[in-house]
Amino acid sequence: MGSICNKAVGVFFEYDTPRIVHIRSKKVGVINRLLQLIIIGYVIGYAIVYKKGYQENDAVQSAVTTKLKGVVYVNQSQYPDITTSVWDVAEYVVPPQENNAFFVITNLIETPKQTIGICSEDPKVLGSNCTTSSQCPAGKVLPAGNGKFLKVLFINRECNTTVGRCLIRAWCPVENGAAKPPEPPALLGSKDFTVFIKNNIQFPKFKVKRRNLPDNASDEFFQTCNYGSHSIDCPILRLETIVREAGENYSAMAKEGGVIEIQIQWNCNLDLSESDCVPKYIFRRLDSSDYKISKGYNFRYAKYYKENDTEYRTLFKAFGIKFILSVTGEAGKFNLEPFLINVGSGLAILGMATVICDIVVLYFLKARNLYKDKKYLQVVGDDAYKFETLLQTDQLQLDDQNDEDKSE
């Protein structure tokens, strides 16, 4: 125990200073220079040049608005259940405005002229089938039902035994749950619709504002341009082009709908001209066409009207493509502080070459013992704390005690 304490005290009174040993060895020299080249290449080539370690960065702030245009005509001889033959923006964009998104109807199932009354529940609703009125308790609403079970006084029963379904009070006639979306899609002509995307962004740290419209654009430009491989700066995009760029087929997707992301990337080097700060569009489908259930994208909405003081509605089950817009990116500009930080970090990492070479020299080379003798030199000062002497004194006292015990 005393030796441990003496060593601990001895360390307190010691000081280590680096010693320069000049080793002339081909192996060590090659390893050292190779490591230095790798580290310098990493710091300069990757950390500073490729990752732009000399720049200060700022995240993008953005606002996006959209405007759709186009008209599609429905052939009512081919789709007799669809009562509206001409669909324009007011018809197929539902709802009219969304935050960073828009929805376009591409297919639909229509249930016309519904009015509040009494009718049989849809047979596809679980629990709606019956043979006796006891299976349709009055007041019950099925989880997927269209209305509430009730007893019809003039026939004094809750079950329509003719068709074997419970009677409900609801918007009648109820939607046919077995109906499949039309094929080909009723509004397949929506593929030629265009969307004008207007994106305003800023990098507040650098006081730079940009938008996705060309700086020299004219009214004539917007009348004729369409986004594509030959016009990537045009903010007007055909819906079919968007879906195709996402790797999908518009006709197949239009049948049951889906979700497409339009990502606008702003990655700008503000050390160059601000006019070079332009967006890049990336398209991808967020859902999957391989889903077996709850496939695509759809919802219901209704249009209400009155005839002879009786309220009616037309119920639409709308299938379509939801386009979600997201804006990402950052800007960089030269700043001395991050540059010096990266240079300083590089110099610190450069010291690893010396550490690795020391390990090779002292533990792996044949002449390692010679190098150890040259590497380490112990100098004892006049006022050194010589705990070895104390250890020797303790050992002598212990030997004397053992001799006394033996003589007794």
Could you go through the stretch 53-66 and let me know if any residue there is touching a Leu at 6+ places or on another chain (Cβ under 8 Å), of a type in the set (Asp, Glu) and at pLDDT 90 or above. no
Going through the stretch 61-81 in order, the residues found to be within 40 Å of the chain's Cα centre (by Cα) and not in a strand (DSSP E or B) are 70, 71, 74, 79
Mind listing just one residue for me: the one in the stretch 297-311 that is surrounded by fewer than 12 Cβ atoms within 10 Å (Cβ to Cβ) and of a type in the set (Asp, Glu) and, of those, farthest from residue 102 (Cα to Cα)? 309
Condition met for residue 225 (of a type in the set (A, V, I, L, M, F, W, C), at pLDDT below 95 and in contact with a Phe, Trp or Tyr (Cβ under 7 Å, 6 or more places away or on another chain)): no
Mind counting the residues in the stretch 356-378 that are surrounded by 14 or more Cβ atoms within 10 Å (Cβ to Cβ) and part of a loop (DSSP other than H, G, I, E, B)? 1
Filter the stretch 287-318 for residues that are in a loop (DSSP other than H, G, I, E, B) and more than 20 Å from residue 246 (Cβ to Cβ); which is nearest to the chain's Cα centre (by Cα)? 294
Test: residue in the stretch 29-51 that is touching an Asp or Glu at 6+ places or on another chain (Cβ under 6 Å), surrounded by fewer than 18 Cβ atoms within 10 Å (Cβ to Cβ) and modelled with pLDDT of 90 or more: no
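Would it be correct to say that residue 126 is under 30 Å from residue 202 (Cβ atoms) and either of a type in the set (A, V, I, L, M) or in contact with a Leu (Cβ under 6 Å, 6 or more places away or on another chain) (or both)? Lay out the reasoning, then the answer.
On the way: under 30 Å from residue 202 (Cβ atoms): no; either of a type in the set (A, V, I, L, M) or in contact with a Leu (Cβ under 6 Å, 6 or more places away or on another chain) (or both): yes.
So residue 126 fails the test.
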Any chance the stretch 275-290 includes a residue that's at pLDDT 90 or above, buried (at least 17 other Cβ atoms within 10 Å of the Cβ) and farther than 30 Å from residue 62 by Cβ? no
Hey, does the stretch 185-195 have a residue that's part of a strand (DSSP E or B), closer than 30 Å to residue 215 by Cα, under 34 Å from the mean Cα position of the chain (by Cα) and β-branched (Val, Ile, Thr)? yes
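Yes/no matrix, rows are residues, columns are (1) without any contact (Cβ under 8 Å) to a residue 60 or more places away in the chain; (2) hydrophobic (A, V, I, L, M, F, W, C):
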| position | (1), (2) |
| --- | --- |
| 216 | yes, no |
| 221 | yes, yes |
| 227 | yes, no |
| 234 | yes, yes |
| 244 | yes, no |
| 248 | yes, no |
| 252 | yes, yes |
| 267 | no, no |
| 278 | no, yes |
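Name the one entry in 144, 138 that is in contact with a Phe, Trp or Tyr (Cβ under 7 Å, 6 or more places away or on another chain) and in a loop (DSSP other than H, G, I, E, B).
Numbers: 144 fails: in contact with a Phe, Trp or Tyr (Cβ under 7 Å, 6 or more places away or on another chain).
Going through 144, 138 in turn, just one is in contact with a Phe, Trp or Tyr (Cβ under 7 Å, 6 or more places away or on another chain) and in a loop (DSSP other than H, G, I, E, B): 138.
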Just checking, how many residues over the stretch 176-207 are surrounded by 17 or more Cβ atoms within 10 Å (Cβ to Cβ) and more than 30 Å from residue 240 (Cβ to Cβ)? 2
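Within the stretch 146-178, which residues are under 46 Å from the mean Cα position of the chain (by Cα) and either of a type in the set (Lys, Arg) or modelled with pLDDT under 90 (or both)? Working first, answer last.
Here is the first cut: in the stretch 146-178, the residues under 46 Å from the mean Cα position of the chain (by Cα) are 146-149, 168-178.
Correct list: 148, 149, 169, 177, 178.
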Among the residues of the stretch 109-116, are any surrounded by 14 or more Cβ atoms within 10 Å (Cβ to Cβ) and part of a helix (DSSP H, G or I)? no
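Please verify whether the stretch 334-355 includes one or more residues that are in contact with a Leu (Cβ under 6 Å, 6 or more places away or on another chain), part of a helix (DSSP H, G or I), closer than 20 Å to residue 25 by Cβ and modelled with pLDDT under 95.
Taking the stretch 334-355 as the starting set, the residues that turn out to be in contact with a Leu (Cβ under 6 Å, 6 or more places away or on another chain) are 353.
Now drop any that are not part of a helix (DSSP H, G or I), which leaves 353.
Right, trim to closer than 20 Å to residue 25 by Cβ and you get 353.
When the remaining residues are screened for being modelled with pLDDT under 95, the result is 353.
Within the stretch 334-355, one or more residues are in contact with a Leu (Cβ under 6 Å, 6 or more places away or on another chain), part of a helix (DSSP H, G or I), closer than 20 Å to residue 25 by Cβ and modelled with pLDDT under 95.
The values are calculated or read from the model by the stated rules, or taken from the named source; none is laboratory data. As the structure is a prediction and not an experimental result, all values here were calculated from the model. Backbone-built Cβ (ideal geometry, glycine too); neighbour counts: all protein chains shown.
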